[in-house]
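In what follows, a single structure is set out as structure tokens and then discussed.
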Amino acid sequence: MGLLLFVYPFVVKDAFWQNVAVLALVSASAAAAWNLLGGITGQVSFGHSIFYGTGAYTTGYLLVRYGLSPWVGMAAGCLVAVALGIVIGFPVFRLRSHYFSIATIAMQQVIFIIVVNNKALGAATGIELPLREASLANLQFSTRDLLPYHLIALALLGVSSLAIWLFMQGKAGAYVKAIRDDEDVARAMGVPVRRYKLYALALSAAITSLAGSYYGMYSLFIDPNVVLSLNLSIAIVLVGVLGGAGSLWGPLVGAWVLQVIQEETRVRLSGAGNALDLVIYGLLVMLIAVVEPAGLIGIGRRLARRLPVRRRAVQR
Amino acid sequence: MTELSQASVSGLLLGAIYALVAVGLTLIFGVMDIVNFAHGDFLMAAMYITFFVWLYGRLDPLVSIPLAALAMAGFGILVYTVLIRRVLKGPVLSQIIVTFGLLVFMRGIAQLAFTANTRGIPDPLVGPVRLVIGGVVAGGAQLTAALGAIVCTVLVYLLLSRTELGSAINAVAQDADAARLMGIDPNRIHLLTWAVAGASVGVAGALLMNFFPVTPEIGAGFGLIAFVVVSMGGFGSLQGALIAGLAMGVIQDVVGLFQPAYGFAAIFALYLVIVMVRPQGLFGAR
């Protein structure tokens, strides 16, 4: 799978499909981060655009205002996102299941309103990033061939997935799963519930912020109605859930499917396509909730399990 | 001073509608522990029904109230039968995301079918009515909406507290298995709960259409407010929803008077403070 994603931009030179791949990789990172908190730890956040926006805004602001390299901006964005995550998470983690989800929506709304009324952050119009010389240090490349953008996005996804995988290997992994399965039992067993929820949130916030920073550099425009919107939060959840909440590969599968649907409907139906993709997403999510909560990955596994059984039956 | 009392009165009228929208949400949650994230979009559907009945049938929104209530009750039953019934025994994640999928679906359909255009009814019957007391003006449409909202909330309250059906609903809310042993079919009660919730949001939509234009995105704002009202009042509590709804309306308009951009943010901030101090909400029992 990893190799396929690496070879992809060397083979595929079509602008449309290159763009789909870059966006899919970025949203896969964000969704993998959401998945750590929502799918694996069981804390369904509908406010993850807060962290995505934090990354994008920190990077953009430092670049425009102080001329700092976007790499510095990314690191700074991570720190701000982790700090913000802890400040938000500390009180909000007192709430459970639905209550938690609703509180994350409210948080997102408050932060959105604060940012769009803040002149230093470009208010409602956002921040436009300056075009610089194409180089790795500037994190800007020619848009004729998106190869470098693709490789960096892939590297980010790799680093993010590795960080999540490492997190899951230690006792933190066992603890957060215990919290998802039954918080009261976990607490009775001596799991420091709130602390491990915060760890999961901190890592999740940092990775989401990275994705946001990179998206900002890729699009060279930071629009609060995109990077801080409820719709983005929705999209992040959709990608995570569609691929398969709780699985490591799920977000990547979900991101590809959604990105293809989104770009295809947009191209084919121009303005109205924007709504058709919503209709399809909505149908998919309802279908997954009702039929297979493990998402597309779960459906794939089910099919894979069924196939050899059938073959054997035929042989007999 | 007049400005402040004007803002408080407008806020109260708006708050009554918030409360009515929240009734259906709190009812469903109280009975079956499910949050309908698409609740705001139920309101949107009710508003479009009212609008098109006016556009093609030339019927005033006041006449459409029973129509919208009936249609939305039917829609509630449909949603329960097709989606909710199937996830009740499933994982919590499914229960949270299923209505979330419905929200995305309904918003998409509305945009496809009706485009993003804003649609309002320019000449409702109650439009020209004005009530002026001591320099404070209350529009006829807003007054009707507030009145209808309060009547409807009280009716649902009476249904729950004074009727046999209400006792059955309460029984299922407390313990569905025990209720089944007493000869109550929880499935039927759940179905009725969704019907009542749908009907109440149908009434809210028709009343709101008198003075508020509808867009496919309208559910986002009203839905959010409904969640906030319900979590603040305490999930499952009707009195809580009524009081929190009225409070929200007043706070939004009064804060908006001084800081126009932050009226909306103020209610979310207040909500966050309240649930941090009292996670079960003002009237919630947990």
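I'd like to check one number: the per residue accessible area of segment A:2-229, probe 1.4 Å, reported in Å² as a whole number.
40 Å²
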Ignoring ligands, DNA and RNA, what percent of the accessible area of chain A is carbon or sulfur (1.4 Å)?
66 percent
Starting from the residue with the highest accessible area, list A:K171, A:K119 in decreasing order, probe 1.4 Å.
A:K119, A:K171
For segment A:2-229: relative contact order, % (alpha-carbon pairs under 8 angstrom, 6 or more apart):
42 percent
Percent of Cα-Cα pairs more than 17 Å apart in segment B:128-187, please.
58 percent
Average partner chain C-beta neighbours within 10 Å, per residue of A:117-125?
1
10 Å Cβ neighbours from other chains, averaged over peptide A:285-296
6
State, in square angstrom and to the nearest 100, the accessible area buried between chains B and A, both chains counted, probe radius 1.4 Å.
3800 Å²
Two-decimal Rg to Rh for segment A:2-229 - Kirkwood Rh, Cα set:
1.00
Once all protein chains are kept in place, B:V136 shows an accessible area at probe 1.4 Å, nearest 10 Å², of 20 Å²
Rolling a 1.4 angstrom probe over the protein chains, ignoring ligands and nucleic acids, what is the accessible area of B:S8 in square angstrom, nearest 10?
40 Å²
Please state the equivalent ellipsoid semi-axes for segment B:5-125: what are the square roots of 5 times the Cα gyration tensor eigenvalues, largest first, in whole Å?
28, 19, 14
Beyond 33 Å, the calculated P(r) of segment B:2-277 holds a percent of Cα-Cα pairs equal to 19 percent
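Quick one: length gained pulling B:T115 to B:Q239 fully straight, 0.36 nm per residue minus the C-alpha distance?
40.9 nm
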Helical mean residue ellipticity (222 nm; -39500 (n - 2.57) per DSSP H run of 4+; nearest 500) of chain B:
-24500 deg cm²/dmol
Taking each residue of B:253-262 in turn, how many C-beta atoms of other protein chains fall within 10 Å of its C-beta, and what is the average?
1
Of A:W34, A:W17, A:W165, which has the most accessible area and how do the rest follow, probe 1.4 Å?
A:W165, A:W17, A:W34
Do any residues of segment B:65-94 show a loss of at least 50 square angstrom of accessible area between the isolated chain and the full protein assembly, using a 1.4 Å probe, and if so which?
B:L93
Computed Rg/Rh for the protein assembly as shown (Cα atoms; Rh = Kirkwood radius) stands at 0.98
Alpha-carbon centroids, segment B:79-108 and segment B:255-275: separation in whole Å
30 Å
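Mind giving me the FRET efficiency for A:L307 and A:L287? R0 is 22 Å, r the Cβ-Cβ distance, nearest 0.05 is fine. Please list the in-between numbers first.
Working: r = 21 Å, r/R0 = 0.97.
After rounding to 0.05, the efficiency reads 0.55.
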Expressed as a whole number of Å, what is the distance separating the alpha-carbon centroids of segment B:118-138 and segment A:91-132?
35 Å
Portion, in percent, of the accessible area of segment B:96-170 that falls on carbon or sulfur, probe 1.4 Å:
67 percent
Solvent exposure, largest accessible area first (probe 1.4 Å, DNA, RNA and ligands not counted), of A:F100, A:F221
A:F221, A:F100
Rank-order A:2-8, B:150-156 by packing density, defined as the average count of other C-beta atoms within 10 Å over each peptide's residues, highest first.
B:150-156, A:2-8
Chain B accessible area per residue, 1.4 Å probe, protein heavy atoms, integer Å², reads 40 Å²
To the nearest 10 square angstrom, what accessible area does B:D123 show with a 1.4 Å probe?
100 Å²
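The values are calculated or read from the model by the stated rules, or taken from the named source; none is laboratory data. Computed from a predicted structure; not experimentally measured. All Cβ positions, even for glycine, are placed from backbone atoms using ideal geometry, and neighbour counts span all protein chains on display. Remember, those area values only see protein heavy atoms, side chains included, never the ligands or the DNA or RNA. Shrake-Rupley method; radii C 1.70, N 1.55, O 1.52, S 1.80 Å.
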